[in-house]
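Contents: one structure, followed by commentary.
The values are calculated or read from the model by the stated rules, or taken from the named source; none is laboratory data. Computed from a prediction, not measured in an experiment: that's the story for all the values here. Cβ placement follows ideal geometry from the backbone for every residue including glycine, while neighbour counts extend to all protein chains displayed. Only protein heavy atoms, including side chains, enter the accessible area calculation; ligands, DNA and RNA are left aside. Shrake-Rupley method; radii C 1.70, N 1.55, O 1.52, S 1.80 Å.
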Amino acid sequence: MGAPLLIVGTGMAGYGLLRALRHVDRRMAVCMVTADDAAAYAKFQLPGALARRRDAGELVLASVEQMAHRYDASILPRTRALRIDRARHILRTDTADLAYGQLVIATGAEPRRPASIRGTGVTSVLTVGSLAEYAYLRSELAGRRRVVVLGGGASGCEFADNLLRGGCDVTLLEPGSRLLGARLPALCSERVAGALHTAGVRLRLEDGIQRIEQGLDELEITTLSGARLNAEVVIAVLGSAPRVQLAADAGVDVGRGIVVDTRLCTSDPDIFALGECAEMGGRLFTLSDDIDAGARVLAGVLTGGHTQLRWQVRSLRLQLECCPTVLCEPPPIAGEWHETATARGVRALFHDFNGRLRGFVLVGEAVSDAHHLLSHIGH
Ligand SMILES: Cc1cc2nc3c(=O)[nH]c(=O)nc-3n(C[C@H](O)[C@H](O)[C@H](O)COP(=O)(O)OP(=O)(O)OC[C@H]3O[C@@H](n4cnc5c(N)ncnc54)[C@H](O)[C@@H]3O)c2cc1C
């Protein structure tokens, strides 16, 4: 028998591919390696799980043994991929050298840490990009309430809202002048800011963290504006950077992510990439529905099919109980936002200069329009 299909990573992309493959082929030899414990879980559940104070163990959908048995794969947990020897078709890991016929890189993305903060407490800043980091955050929150969330993008707002509902006293710091990111329209972010404030989140726009000193029992924070805050836990929610090192070191083309074509194939015909580490047509895979669609296409390609992936227009409903919000981010093109606000909601539509609807943000009662607008959009 030839060398197996080797998948690096057991997140949504790696396991999504394994599931999709087994739908079409029960016989292909599949080996997976992952740096973590290979438990299957749904990452998008993490913010909501904080509100319900669920332990990390409760979020595990299947253990490594269950996944290996259910999908007939050899899965090596706690095994870090170090280097790809493309000429010999070998993946070097920290435990063994593994031969591959075809290799899929599904290594995800690394949460960004704040670069410019000074002080003895900097190493205490947490990120939440994996189940292990979630477990650590839960242990740090035990018996503590005062939390600072740094970063007011969509995820930062979700964490602030869910931590508040989980019983924390939350301050949200956003260095920019509005929530949800500078590209989204002002009225929507004002409405979300208002709802978070009413729910009880202390909001500081145009402010970030300058210094964090480790005090006796708490972290002493000096903000960029010079204000002093004390907190027991600080969480940075600043987005993430695709893990491309493995591919880059092997001389595989890399942009912001590992560059793939519509078959998810990299510049090496035997190496593929999927999930948050990958980039197709200049765009990153940030939504789970796109990763699922990619997994189905790649399963077809690896079993000899001729399927190709096309980006679909998608919307994302934020996990914000205080303020229903749906985003459909427009592509980075010239155009204009038009916002209509009522007491109950905001409807913001983005049209390009040809008058075509290319994106929207809906807040409050307006979220009921999401389905209709999605069907009219032309990306
Ligand atoms: C808090 C949070 C909330 C989210 N909410 C939503 C949402 O509501 N809707 C939505 O659509 N999307 C959401 N997302 C995004 C979505 O969850 C991610 O895009 C998706 O989980 C990424 O899956 P992945 O498999 O690419 O990466 P990951 O799940 O990060 O998996 C990467 C895997 O690679 C392994 N790995 C990395 N490097 C190595 C190495 N060198 N050697 C071996 N193994 C390695 C890791 O151990 C891991 O198993 C959210 C993300 C986060 C963090």
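General observations
- T262 accessible area, assembled protein chains, probe 1.4 Å, Å²: 50
- log10 of Debye I(q)/I(0), alpha-carbon scatterers only, for segment 57-96 at 0.16, 0.20, 0.33, 0.34 Å⁻¹: -0.58, -0.75, -1.01, -1.04
- In the context of the full set of protein chains, the chain has a per residue accessible area of 47 Å² (1.4 Å probe).
- Of L298, L216, L318, the one that fluctuates the most in a GNM where the chain has Cα springs shorter than 10 Å: L216
- Sulfur and carbon atoms: percent of accessible area, segment 49-183 [1.4 Å]: 48
- Cα convex hull volume per residue for the chain (Å³): 151
- Semi-axis lengths, largest first, of the ellipsoid equivalent to segment 324-376 are 19, 11, 9 Å, with √(5λ) applied to each eigenvalue of the Cα gyration tensor.
- Considering only P269, P175, P330, the mean-square fluctuation computed in a Gaussian network model of the chain, springs between alpha carbons under 10 angstrom, is largest for P269.
- Taking Cα atoms only, the orientation of helix 131-141 departs from the longest principal axis of the chain by about 30 degrees.
- Dipole magnitude of segment 288-335, debye to nearest 20 (Cβ charges: Lys/Arg +1, Asp/Glu -1, about Cα centre): 160
- Building the convex hull from the alpha-carbon atoms of segment 116-269 and averaging its projection over directions returns 11.6 nm².
- Per-residue [θ]222 nm for the chain (sum of -39500 (n - 2.57) over DSSP H runs n ≥ 4, rounded to 500): -7000 deg cm²/dmol
- All C-alpha to C-alpha distances of segment 1-52, sorted into 10 Å bins beginning at zero, yield P(r) values of 21, 44, 24, 9, 2 percent in whole numbers.
- Net charge of neighbours whose Cβ lies under 10 Å from the Cβ of R19, counting Lys and Arg as +1 and Asp and Glu as -1: +2
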